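The values are calculated or read from the model by the stated rules, or taken from the named source; none is laboratory data. Everything numeric here is computed off the predicted structure, so don't read it as measured data. Virtual Cβ from ideal backbone geometry, glycine too; neighbours counted across all protein chains shown. For accessibility, only protein heavy atoms count, side chains too; no ligands or nucleic acids. Shrake-Rupley method; radii C 1.70, N 1.55, O 1.52, S 1.80 Å.
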Amino acid sequence: MPLLSRRPAGTPRLLLLSAALTLALAAGCAGPGPQSAAPAAQAPETAAEKAAAAWPAEAAPAAVTCPEGPPPGARCLRGKDSAGAPYLIVVPARWSGNLLVHAHGGPFLGAPTDARANEDIKRWSVIVREGHAYAASVFRQGGFAVTTAAEDTERVRRIFVAHVDKPRRTFLHGQSWGGMVAARAAELYPRSWEGILFTSAVVAGPATYDFRVDIRAVYQHLCKNHPRADEPQYPLALGLPAGSTMTNAQLAARVNECLALNKPAAERTPEQRARAKLIADIIRVPENSILSHLNWGTFTLADVTRRHGGAPIGNTGVRYTGSPNDAALNADLDRAGLRFAADPAARARFVADVDHQGRFAVPVVTTHGIHDSTVFVEGSDTLRQRMVAAGNGQGLVQTFVESSEHSYLGEAIYPPLLQALITWVDTGRKPTPVTIAEQCRSLQAAGGGAAADCRFLPDYAVKTLASRIPAR
């Protein structure tokens with residue numbers, strides 16, 4: 001029997017106001033988009049959906065004290081699904097009937113824990129404050145495993161339906177790397193979702209990560225300490241050699257030895273400043289993000305190569321630009337053996353696990369900070385291209401925000417996005433970047449917030465991913 005026999009009457013005042021504003025704004029929008037999720041719900045079963053029919057029945061979650069984040073009166077439920085993935089479900093006291101299934105960022109290389117779920121609901125409690133139920137898996141496999149994470153995302157949705165209540169609408173939310181998970185879940189289980197929200201998301205497939213091999217090559221050319229000359233040499237596209245015991249702290253020590261990123265620029269040597277600037281100019285990232293990208297290109301890349309039996313990313317034929325003498329830079333990389341070919345079989349396995357083709361037959365709304373240095377905004381153009389190629393271009397609305405943040409763009413940003421998506425699904429009227437920005441300002445005014453916090457850029461024209469990351 002469901003843990004909620006009926007959904008509570010009533011809706012938060014802000015939710016009612018927000019919905020009314022959305023309806024009013026949507027009335028003037030150009031052109032209808034997808035009318036609802038009905039076409040996806042009626043589509044033939046995918047192979048993944050047929051396989052899911054044989055999954056074992058899931059145990060009911062247990063009621064628990066809510067972690068930090070959810071508003072007063074919310075009910076929290078925890079459990080571990082049949083595949084071993086922990087999850088958290090939160091239902092507000094006054095539930096809209098909508099469920100958002102959240103796919104978290106990362107990936108994290110350790111075992112899944114409840115702490116990850118606690119971190120995410122603290123950040124994303126805006127979903128519950130807006131009156132919607134929230135369900136999120138922590139994913140059973142630590143590391144870069146997208147398809148299994150998509151399966152876990154579908155499992156937590158099924159747990160909600162079986163043991164909590166049947167939602168009025170079900171939406172999929174992908175944040176950061178979770179965007180890759182959500183895109184995979186949307187194509188594997190298309191009949192489960194009525195709309196998709198991507199926030200600061202990885203939506204450009206494997207090419208998103210190509211530059212992490214680039215930064216390894218350029219860093220080694222300049223610093224020559226990862227690996228050192230007296231250590232075993234290995235193709236840097238592997239991330240680390242088998243059996244390596246290097247830690248994050250040890251990598252940071254090497255990077256600071258060469259670039260002194262742990263010091264203010266004024267305290268670095270001229271050589272350290274020059275090297276840091278050159279890496280930033282060639283890779284097109286801010287200096288303060290160099291270490292995090294080297295971490296990914298070391299530890300996460302090593303996880304990827306182990307999973308797929310070889311290096312799925314290479315840099316053969318890539319021409320690097322941004323240095324004072326690009327011809328000399330590329331020649332030096334060639335002579336130093338800092339070119340690495342991707343393993344075709346490993347590449348194929350990687351693509352099969354993580355990629356999408358834009359086959360989303362439901363409304364999709366996205367947002368991204370234009371100065372995000374973790375997941376580049378230019379990936380949004382790849383999503384658009386793929387959805388257009390799949391015949392779903394009219395089902396996409398993309399918004400952009402004046403921000404360098406990645407994990408959370410601000411309290412004002414997400415309510416108008418949620419309401420725009422929900423109203424689109426409910427009414428069939430498609431929002432625009434302009435109406436979403438207008439709604440943000442209206443909601444801020446109604447709630448006593450500052451209109452300046454609505455940093456949407458309705459006229460922003462995103463460039464191609466190849467303008468940021470060299471194609472290969």
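Taking every DSSP beta bridge that has both residues in the chain, what percent is antiparallel when rounded to the nearest 5?
On the way: 15 of 40 bridges.
Antiparallel: roughly 40 percent of the beta bridges in the chain.
First measure r as the distance between the Cβ atoms of Val434 and Gln233, then evaluate 1/(1 + (r/R0)^6) with R0 = 41 Å and state the FRET efficiency to the nearest 0.05. Display every interim value, and only then the final one.
Numbers: r = 55 Å, r/R0 = 1.33.
Rounded to the nearest 0.05, the efficiency is 0.15.
Mark the label point 7 Å from the Cα of Tyr408 along Cα→Cβ and return the residues of the range 56-75 whose backbone N is within less than 13 Å of it.
Backbone N within reach: 68-71.
Which far-off residues, 5 or more places away or on another chain, put their amide H under 5 Å from the one on Gly195, with H placed in the peptide plane?
Here Leu172 satisfy the definition.
Students often get this wrong, so try it: which of (i) 38.3; (ii) 23.1; (iii) 27.1 is mean projected area of the Cα convex hull in nm² as calculated from the structure shown?
It is the value labelled (ii).
Name the lysines eligible as straight-distance cross-link partners of Lys80: C-alpha to C-alpha under 22 Å, and not fewer than 8 places from it in the same chain.
Candidates past the 8-residue exclusion: Lys122, Lys166.
Round to the nearest 10 and give me the degree value, 0 to 90, for the angle of helix 177-188's Cα axis relative to the longest principal axis of the chain.
60 degrees
So how strong a dipole does the chain carry about its Cα centre when Lys and Arg Cβ are +1 and Asp and Glu Cβ are -1, to the nearest 20 debye?
Once rounded to the nearest 20, the dipole reads 560 debye.
Could you order the peptides 336-348, 286-298 from most to least packed, using the average number of other C-beta atoms within 10 Å per residue?
In decreasing order of mean packing, 336-348, 286-298 become 286-298, 336-348.
What's the carbon and sulfur percent of the chain's accessible surface, probe 1.4 angstrom, rounded to a whole number?
The computed percentage sits at 55.
At what distance in nm do the modelled label points of Glu68 and Thr245 sit from each other, each positioned 7 Å from its Cα along Cα→Cβ?
Placing both labels 7 Å along Cα→Cβ, they lie 3.5 nm apart.
When only alpha-carbon atoms count, how far does the range 238-317 stretch along each of its three principal axes, as whole angstroms with the largest first?
44, 31, 16
Mind checking the angle between helix 146-163 and the chain's longest principal axis? C-alpha axes, 0 to 90 degrees, to the nearest 10.
Approximately 20 degrees, to the nearest ten.
With every protein chain present, what accessible area does Asp332 have (1.4 Å probe, heavy atoms only), rounded to the nearest 10 Å²?
Roughly 50 Å² of Asp332 is accessible to a 1.4 Å probe.
Using a 1.4 Å probe and ignoring any ligands, DNA or RNA, find the accessible area of Glu119 and quote it in Å² to the nearest 10.
Estimated to the nearest 10 Å², Glu119 gives 80 Å².
Just read off the accessible area of Lys463 with the full protein assembly in place, 1.4 Å probe, to the nearest 10 Å².
Counting only protein heavy atoms, Lys463 exposes about 130 Å² to solvent.
Grab the beta carbon distance between Arg472 and Ala93, set R0 = 45 Å, and tell me the FRET efficiency rounded to 0.05.
Numbers: r = 52 Å, r/R0 = 1.15.
After rounding, the FRET efficiency stands at 0.30.
Can you figure out the FRET efficiency of Val388 with Thr46, using R₀ = 25 Å and their beta-carbon distance, to the nearest 0.05?
FRET efficiency, Val388 to Thr46: 0.70.
So, by mean Cβ neighbours within 10 angstrom, what's the order for 131-139, 86-94 with the highest one leading? Could you put the intermediate results ahead of the total?
Working: 131-139: 27.0, 86-94: 23.1.
Per-residue mean Cβ counts within 10 Å order the peptides as 131-139, 86-94.
Give me the distance in nm between label points sitting 7 Å out from Cα along the Cα-to-Cβ direction at Asp334 and Asn256, one decimal.
The answer from the label model is 3.9 nm.
Only four residue types carry charge here, +1 at the Cβ of Lys and Arg and -1 at the Cβ of Asp and Glu. Report the dipole size of the range 325-386 about the Cα centre in Debye, rounded to the nearest 20.
The dipole magnitude comes to about 280 debye.
Where does the range 108-175 land on Rg(C-alpha)/(2.2 N^0.38 Å)?
Here the Cα radius of gyration is 1.15 times the empirical estimate.
Return one whole number: the accessible area per residue of the range 202-316 in Å², for a 1.4 Å probe. The partial results should precede the final answer.
Details: 4560 Å² over 115 residues.
Here the per-residue accessible area is 40 Å².
Restricting to bridges with both residues inside the range 45-147, how much of the DSSP beta-bridge set is antiparallel, in percent to the nearest 5?
If I count the DSSP bridges inside the range 45-147, around 75 percent turn out antiparallel.
Relative contact order for the chain: what is it in percent, counting Cα pairs under 8 Å that are at least 6 residues apart?
Result for the chain is 19 percent.
Going by alpha carbons, how many degrees (0 to 90, nearest 10) lie between the helix axis of 344-354 and the longest principal axis of the chain?
30 degrees
For Arg268, Arg319, write out the residues from largest to smallest accessible area, computed with a 1.4 angstrom probe and no ligands counted.
Ranked list, largest accessible area first: Arg319, Arg268.
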